[in-house]
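Below you'll find the structure, written out as structure tokens, and then a few comments.
The values are calculated or read from the model by the stated rules, or taken from the named source; none is laboratory data. In this text, all values refer to a predicted model and were calculated from it rather than measured experimentally. Ideal geometry is used to build each Cβ from the backbone, glycine not excepted, and the neighbour counts take in all protein chains shown.
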Amino acid sequence: MSPKCCIFRVPNILYRQNKEAFTPDAFSIGPLHHGHPNLKATEQIKFKYLQCLIARSKTGLIELISSLKDLEIEARDYYAEPIRYTPEEFVKMLVIDGCFIIELFRKDAYEELREKDDPIFSMSYTKHIVDLLRTWMLSSITEEEKGEGWELVPSATSLAEAGIKFARGTSQSILDIKFIDGVLIIPQLQVQETTETVFRNLISFEQCYANCEARVTSYAILIDNLINTTKDVEILCENEIIDNWLNPEDAVQFFNKLYYHSFVRTFYYGSLCNKVNIYCRHRWPRWRTVLVRNYLNTPWAMLSTLAAIVLLVLTFLQTLYTMKA
């Protein structure tokens, strides 16, 4: 296998968990799914996007193909399995798919480039290129110490009972999780029908690519430990950390089965977990939470508690006065 190799078929142990998550249902990019009967109809859309891009430049299709011929052998080295297409077919595929992606990004950024009947932007969602998406997710995270001898955190419910608060993070990357002064700060994640597909492909990429840090897999492990029941989902939804479009039971199942059979050499939230667990062992945050929940959660409860304290003080003073008398 070439040291440049970074594009793989999903291993069967991961593929069998959810086959649909790894099978494109709109467009094929590259040779692995090219020619699939279910995707042939969208090839015309890629040609249309290619024509739009060429129309704005002075370079024709033949010139583009010719300019990429020297990169054909190098491009094959990026794939873990042999490519069955001829050099001419492979280069043509690279040009068409590459120009399609460029034009897709341009149309996404500039609405004036879109036609009214554009078949992609009339959809309710767009697809992502796995490595590009992952690179973007990593670009805006704050580097944390990995930590040694770490232990995983309890569920969101247990953390809340221990006095830990949750807050929605403002980072562009969902991976940028922090723990500051008893507050677990987590950027919002939208959970919907397509979320599992995105995560499974990102995790599979990290599992297959030897030089790839298991950042997304670590995230899946951390969130799975936070979510064990629908109560945990409710807590995270109330704090706007999860924007859940599934029913609560499905959301729990989604997180609990997300990283089955995945392996991490380094868990990138180890230091964060250690800080959370140390905080949980302190008694005062837990006592404070119990006090607020049981005795200060409503105005009437606060008045009752205050009255009880006043009565206790008066009783103590009366007893003290009687003893002195």
The residue from ILE174, ILE180 that alone is modelled with pLDDT of 90 or more and either of a type outside the set (A, V, I, L, M, F, W, C) or more than 25 Å from GLU20 (Cβ to Cβ) (or both) is ILE180
With the first residue restricted to the stretch 246-274 and required to be within 16 Å of GLU234 (Cα to Cα) and free of Cβ contacts under 8 Å to residues at least 24 places away in the same chain, and the second required to be surrounded by 15 or more Cβ atoms within 10 Å (Cβ to Cβ) and among the aliphatic types (A, V, I, L, M), Cβ contacts under 8 Å at 6 or more apart or on different chains are PRO248/VAL233
Exactly one of ILE221, ILE309, ILE227, ILE242 is out of contact with any helix residue (DSSP H, G or I) (no Cβ under 7 Å at 6 or more places or on another chain), of a type in the set (A, V, I, L, M) and modelled with pLDDT of 90 or more, and that residue is ILE221
Among residues of the stretch 17-41 being free of Cβ contacts under 8 Å to residues at least 24 places away in the same chain and not in a loop (DSSP other than H, G, I, E, B), the residue nearest to the chain's Cα centre (by Cα) is LYS19
Pairing a residue in the stretch 61-88 that is without any contact (Cβ under 8 Å) to a residue 60 or more places away in the chain with any residue that is in a helix (DSSP H, G or I) and among the acidic types (Asp, Glu), where Cβ atoms lie under 6 Å and the two sit 6 or more apart in sequence or on different chains, gives PRO87/GLU72
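Conditions tested, residue by residue: (1) surrounded by 17 or more Cβ atoms within 10 Å (Cβ to Cβ); (2) of a type in the set (D, E, K, R); (3) in the same structural domain as THR194 (by TED's automatic domain parsing); (4) modelled with pLDDT of 85 or more.
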residue	(1), (2), (3), (4)
LYS4	no, yes, no, no
ILE7	yes, no, no, no
TYR15	no, no, no, no
PRO37	no, no, no, no
ALA41	no, no, no, no
LEU50	yes, no, no, yes
Exception for CYS237 within (1) assigned to a helix (DSSP H, G or I); (2) touching a helix residue (DSSP H, G or I) at 6+ places or on another chain (Cβ under 6 Å) falls at (2)
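Would you call LEU291 within 23 Å of ASP181 (Cα to Cα), aliphatic (A, V, I, L, M), part of a helix (DSSP H, G or I) and modelled with pLDDT of 85 or more?
no
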Can you confirm whether ALA80 is surrounded by 13 or more Cβ atoms within 10 Å (Cβ to Cβ) and over 12 Å from MET93 (Cα atoms)? yes
Flagged in the stretch 148-200 as within 15 Å of PHE255 (Cα to Cα) and of a type outside the set (A, V, I, L, M), in numbering order, are PRO154, SER155, GLN188, GLN190, GLN192, GLU193, THR194, THR195, GLU196, THR197, PHE199, ARG200
